[in-house]
Amino acid sequence: MESSTAPATAANFYDLVPYDSHPFPQSTVEHLEALAFLFGLPAAAPANARVLELGCAAGGNLIPMAARHPRLKAVGVDLSAVQIQQGQAAIDQARLTNIELRALDITSIDASFGQFDYIICHGVYSWVPPAVQSAILRVCSQNLAPNGVAYVSYNVYPGWKAREIVRDAMILRGAPRDEPDEKLSYARGMLEFLEQSARPDSVLKKTLEETMPIVRNAGASYLLHEFLEPHNAPCYFKEFAARASVAGLGYLADAEPSTMFVQNHGAHVRDPLLRECGGSQIMMEQYLDFLVNRTFRQTLLVKQERAAEIRYRLDAERIRALEYAGVFVPLDGGALTLDAREQPCHAVRNQQLVLRQPLHKAVALVLDENYPASMPADELVAAVSMRMGAAPSSVDPVVMAMLEELVILGAVRIRRTPPEAGMGVSDFPRASAAHRSAPGLAPGAAPAAHVCNQWHELVQLSMLERCLLPLLDGEHSHEALAAHLVAEARSGRLRFIKDDKPLTDEPSLKEFTQQQVALALRDLRRKALLEA
């Protein structure tokens, strides 16, 4: 996070209360490459890309990209020297040589900094003064390569109109306090008072009902930076797009493209908006922001001269040229059946959809069985054809139409560059060096361990997974992994309980650890931590 107003104060605040530094899946270069392609533009392949992150904190978002792509060149900047030092320690531990973190103000970046294929700015724009906001857009224009893509996230109206009431109340009571913990404690107390005292039919009561779950469930770092910082300046999407245009940038897409499609809101919304907006994607999305009371955006920008090449009507050949991955889990806990029975399912990103046609269920089954690995569309068509015992020519149009619908709904993951995720568990399983050496894997090192997977998501590891992951170098068989668990149990570092009793005898321990290895490897594969 950056500020050019009293920079020492801002830096000290982030030194005292570091911003949670972790991966943001919508900002990763593989996702940005796929979205640019989806809407008609070429973008740099991640493997050799140059990436700049503005406000990188401790590198939790940028470091995993560098680890996945050894030839990628990454630079991160942040005002907090403490967070940069933390990030450098993580880089040193991972032995990465293709990433550099610098402690500096965004406003000091100029043309000499170089050009980048991807520029990422997550959680900064709304939380800095106008001069730094202008600098962010200037850097995104000046330092963006000709075919580059910039990602900027920010708070938006109208959704933040109501949250500003909560923020103002928290600042009234919490801001005068000196220590961050004290600020947050007093601010929470203010909200509890208002929640108990507000009239049941008041605007305040409704606002608190919508916001209090966020306040109760979010961590201290998020609340302090989101609600108690001096700067939090939401804007309307249309205003942001106009500012970007002045800086020489054009709107490409939202990082969550399902939010862009008016057909997701039904014909009663689609038809009048299509008439009203006259083909303007920006106006269409501004109307939709009012409709859903949107609070946050993740906007992709390109050089303004490329805007004429953007195509928002999805192209069949581009849909065919993408890689797809998906999860489809029936809500009733059963299995998908290739019949005409309706089956509501969970999909990725907490999406829900109902599958009815046997062919659609076959697509879901094949994608789910392969997950977390992705599949090219033609390979998916061939697999579904075999599953259904039908000719590929008869299956193809249905599969392609379903893939387009899943993209519009946001119920499937897309890539141009497939992730290095295993489709199965090999006899000698392998995880990446970055995953094997991730901080906090040793039992007792931390209450919980999290790692960034091949889909740029933070996943939590069980104690057993923490124990096995460092050994997954492609040299250890399942039997060797089980023997390691037996040795850990003998040393007392692990305990295995069965039927409420510790396992100690050799035959039972050997059999049990073999079962646990199989289960742990299955789960590690599903978490996208085993390589192909």
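A few remarks follow.
- Candidate set: segment 314-336, residues that are among the β-branched types (Val, Ile, Thr) and touching a helix residue (DSSP H, G or I) at 6+ places or on another chain (Cβ under 7 Å); chosen: the one surrounded by the most Cβ atoms within 10 Å (Cβ to Cβ): 327
Rundown of residues vs (1) buried (at least 17 other Cβ atoms within 10 Å of the Cβ); (2) touching a strand residue (DSSP E or B) at 6+ places or on another chain (Cβ under 9 Å); (3) at pLDDT 95 or above, yes/no style:
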| residue | (1), (2), (3) |
| --- | --- |
| 350 | no, no, no |
| 359 | yes, no, yes |
| 374 | yes, yes, yes |
| 396 | yes, no, yes |
| 416 | yes, yes, yes |
| 433 | no, yes, no |
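- Within segment 241-263, restricting attention to residues that are closer than 15 Å to residue 289 by Cβ, crowded, with 17+ Cβ neighbours inside 10 Å and over 22 Å from the mean Cα position of the chain (by Cα), the residue that is modelled with the highest pLDDT is 241.
- Residue list for segment 68-97, restricted to those being touching a residue at least 12 places away in the same chain (Cβ under 8 Å), assigned to a helix (DSSP H, G or I) and charged (D, E, K, R): 68
- Scanning segment 216-240 for residues that are surrounded by 21 or more Cβ atoms within 10 Å (Cβ to Cβ) and farther than 30 Å from residue 189 by Cα turns up 237, 240.
- Filtered residues of segment 47-57 (kept if at pLDDT 95 or above and surrounded by 24 or more Cβ atoms within 10 Å (Cβ to Cβ)): 49, 51, 52, 53, 54, 55, 56
- Within segment 235-262, the residues that satisfy the criterion of being among the hydroxyl-bearing types (Ser, Thr, Tyr) and not in a helix (DSSP H, G or I) are 236, 251.
- Residues of segment 418-431 classified as out of contact with any helix residue (DSSP H, G or I) (no Cβ under 7 Å at 6 or more places or on another chain), farther than 12 Å from residue 373 by Cα and crowded, with 18+ Cβ neighbours inside 10 Å, total: 1
- Filtering segment 243-285 to residues that are of a type outside the set (A, V, I, L, M) and within 16 Å of residue 411 (Cα to Cα) leaves 254, 256, 257, 258, 259, 261, 263, 264, 265.
- Within segment 498-532, being under 27 Å from residue 348 (Cα atoms) and modelled with pLDDT under 90 holds for one residue alone: 532.
- Segments classed as helices (runs of 4 or more DSSP H), wholly inside segment 143-234, with at least 1 members that are closer than 30 Å to residue 35 by Cβ: 159-174, 203-217, 220-227
- For segment 108-128, residues that are surrounded by fewer than 18 Cβ atoms within 10 Å (Cβ to Cβ) and in contact (Cβ under 8 Å) with a residue 60 or more places away in the chain total 3.
- So residue 297, is it under 22 Å from residue 25 (Cα atoms) and either surrounded by 15 or more Cβ atoms within 10 Å (Cβ to Cβ) or not assigned by TED's automatic domain parsing to the domain that holds residue 171 (or both): yes
- Among the residues listed as 411, 391, 401, the single one being assigned by TED's automatic domain parsing to the domain that holds residue 325, closer than 23 Å to residue 260 by Cβ and either surrounded by fewer than 17 Cβ atoms within 10 Å (Cβ to Cβ) or out of contact with any helix residue (DSSP H, G or I) (no Cβ under 9 Å at 6 or more places or on another chain) (or both): 401
- Residues that are acidic (Asp, Glu) and more than 30 Å from the chain's Cα centre (by Cα) within segment 165-207 comprise 178, 179, 182, 192, 195, 201, listed in sequence order.
- Of the residues 105, 178, the single one that is surrounded by fewer than 22 Cβ atoms within 10 Å (Cβ to Cβ) and without any contact (Cβ under 8 Å) to a residue 60 or more places away in the chain is 178.
- The lone criterion from (1) under 21 Å from residue 432 (Cα atoms); (2) assigned to a helix (DSSP H, G or I) left unmet by residue 33 is number (1).
- Checked against the criterion of being part of a helix (DSSP H, G or I) and crowded, with 16+ Cβ neighbours inside 10 Å, the candidates 511, 531, 465 yield just one match: 465.
- Those helices (runs of 4 or more DSSP H) lying entirely in segment 263-350 with at least 2 residues under 30 Å from residue 211 (Cβ atoms): 267-277, 281-292
- Every residue from segment 475-508 that is out of contact with any helix residue (DSSP H, G or I) (no Cβ under 7 Å at 6 or more places or on another chain), exposed (fewer than 12 other Cβ atoms within 10 Å of the Cβ) and in a loop (DSSP other than H, G, I, E, B): 475, 492, 499, 500, 504, 505
The values are calculated or read from the model by the stated rules, or taken from the named source; none is laboratory data. Please read all numbers here as calculations on a predicted model, not as lab measurements. Glycine gets a Cβ as well: all are built from the backbone with ideal geometry, and neighbour counts include every protein chain shown.
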